[in-house]
Amino acid sequence: MEGLHTQGRSSTGSASTANEKFDLIIIGAGIYGLYTAKTFLTICPTINLLVLDSLPSIGGVWSKERVCPGLHLQHHSKFFEFSELRYEDVPEIEMDYNGRGYISGYPWCRYFQAWAEKVGVVKYVRLNTTVQQVTRQIGEEYLWKCQIGDDDKNLDYSKFSGPVMHHRYFGERYEELASENVKEVVVYGASKSGLDAVMQLAELGKKVKWIIRKEGRGLPWLVDLKGLRSDLILMRIVNTIAPAAYQDDGFYGLHYVFKQTYLGKAFQKYAFEKFGQLVRKEYRLDDSQVDEILIPMIPKHSIIWNYNISGTDNSDASLYDRIRSKQTKVIKETITSLEKDLSMRIGLPSTKYTGEYLEKWRYLEVEADERVYKSNPVLQYAPKPPPYFLSDPVAGKLRLYHHILPTDPEFLDGSLVILGSFSAASTLQSAMILSLWAAVYMFGKMELPPQDEMEKTAAYEIRMHQIRSPGMVNDLPWVSFDFLAFSTMMLKELGLNPWRKKGWYDELVHAYTCHDYGDLAKEWVELHRTVGDPGGRSRSSIPTGSISPDF
């Protein structure tokens, strides 16, 4: 694992000269960032690491600044609890549940703080610090340089009179939004954060106009995960029925039956259609019950295809009921501009690739498509992506091996991993497994396949996502119903037992939680011992005395 050179900038713009030294810098103090810090410290207790975050508190989405009334977990509590700390072990925190049984954001924010303090990672975090740029330094003492400074203050909003904000600032500006002076709010975009904003504003009693791109995928699906429904996505039996990128999880026979035999494929297709019908019927969206106002809003493809954004119906009042009551109005239009002179920073995937690069990845992805359809024939029935999505699926994608590593050998020197680049059925379980995989790789304890095999795997994984979830072609990959199969593959590569239940029956029909895995990093250490001080190989540095408290 190589080091990082980090260069800071004071609020006046002057570069710093004094430097602290670090072996590892983690950008982001959310779930992935802090669990990764915990994992590295377990494997190498002497490592000198730093976690940077631009917010004033830890937690990412669940930080103090971003939680607010109306924000609830998308999972039931047993699926959002770390194995190192149970809720009942934090008696000073009263877990606040809404009428549907979901924990609100405030107590989970405090729980995450308690967990971070227990595992000892808080002291490694530096808050109010924005990383503006990361560049690679070839042939110098330090491999990476991080430019640290404040946000750009020179944006010109003078041409636009209305207040505008991203959903990430909802918590900070909650009192402003809750004011009686605010009668109506416009929300733009059918993303998960857009859905959350609509529901939170509706709970505040506001009239909401929800503008959704007319050529886009449409209104999100909502699912009520009452009872055992919440368990399904983390049950192996469901993983064997659903399309899966990886099927060597100990139950290949079931994968084969459901995906390759005539009766199995017929059942798989029936299950897909039936599940969508059940969701429509439950929310009175089927042809016999649907209200006229909802007809244009009904997603045209079954929820199982991931064509539309989907989320947990975790609010006390249903979105569909709010639309029926006309408290929320959905408008299918496209905003092309707010004000022609308004300058805004927009982050888009890069499309500035060479012809040689594009030709290579087109070939790899054609080959990957054959593998996807051969291993999961039901995907032949998947709908096509929305028309406004990229016409060339090669351009602008994150092509990472196992959604973690670049495939270019120049960046496979153990100095860089990218975590949190895909959405998983369980964020916590994903953070536990992927952070360990990343640490073992960065400490040089894992042998990677040749570059051509890594590229084929990366192409297969991204095309599996794009074909399986056509409405998310432009989004980060989503590993949902085949998450356990993916986790099994990653644990096998780590040399750890992926089957954590008591027997094959429990393995198939009982959902996985973090407690099934225990402390994976400690388990790895028991097999391989801790890693020695990496400081002799190369170090990292971050300036002292130059980071202003108001960054």
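The values are calculated or read from the model by the stated rules, or taken from the named source; none is laboratory data. Treat the numbers as computed from the prediction; the structure is a model and nothing was measured. Heads up, the Cβs are rebuilt from the backbone with ideal geometry, glycines too, and the neighbour counts pull from every protein chain shown.
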Among the residues of the stretch 410-429, how many are among the β-branched types (Val, Ile, Thr), over 19 Å from Ser310 (Cβ atoms) and in contact (Cβ under 8 Å) with a residue 24 or more places away in the chain?
1
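Here's the yes/no breakdown for (1) at pLDDT below 85; (2) in contact with a strand residue (DSSP E or B) (Cβ under 7 Å, 6 or more places away or on another chain):
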position: Glu215; (1), (2): yes, no
position: Leu222; (1), (2): yes, yes
position: Ile233; (1), (2): yes, no
position: Ala244; (1), (2): no, no
position: Leu278; (1), (2): yes, no
position: Glu282; (1), (2): yes, no
position: Pro299; (1), (2): yes, yes
position: Tyr320; (1), (2): yes, no
Name the residues in the stretch 224-279 that are within 30 Å of Gly99 (Cβ to Cβ), crowded, with 16+ Cβ neighbours inside 10 Å and among the polar types (S, T, N, Q), would you?
Ser230
Being of a type in the set (Gly, Ala, Ser), in contact (Cβ under 8 Å) with a residue 40 or more places away in the chain and touching a His at 6+ places or on another chain (Cβ under 9 Å), is that true of even one residue in the stretch 77-98?
yes
crowded, with 17+ Cβ neighbours inside 10 Å and of a type in the set (Lys, Arg): does that describe Arg86?
no
Scan the stretch 239-288 residue by residue and report those that are assigned to a loop (DSSP other than H, G, I, E, B) and in contact (Cβ under 8 Å) with a residue 60 or more places away in the chain.
Ala242, Pro243, Ala244, Ala245, Tyr246, Gln247, Asp248, Asp249, Gly250, Phe251, Tyr283
Filter the stretch 90-124 down to residues that are of a type in the set (Asp, Glu) and farther than 12 Å from Ser77 by Cα and give me whichever is surrounded by the most Cβ atoms within 10 Å (Cβ to Cβ).
Glu117
So, Ser57, is that one under 29 Å from Lys226 (Cβ atoms), surrounded by fewer than 22 Cβ atoms within 10 Å (Cβ to Cβ) and under 21 Å from the mean Cα position of the chain (by Cα) or not?
no
All positions within the stretch 354-370 that are more than 25 Å from the chain's Cα centre (by Cα) and surrounded by 16 or more Cβ atoms within 10 Å (Cβ to Cβ)
Leu364
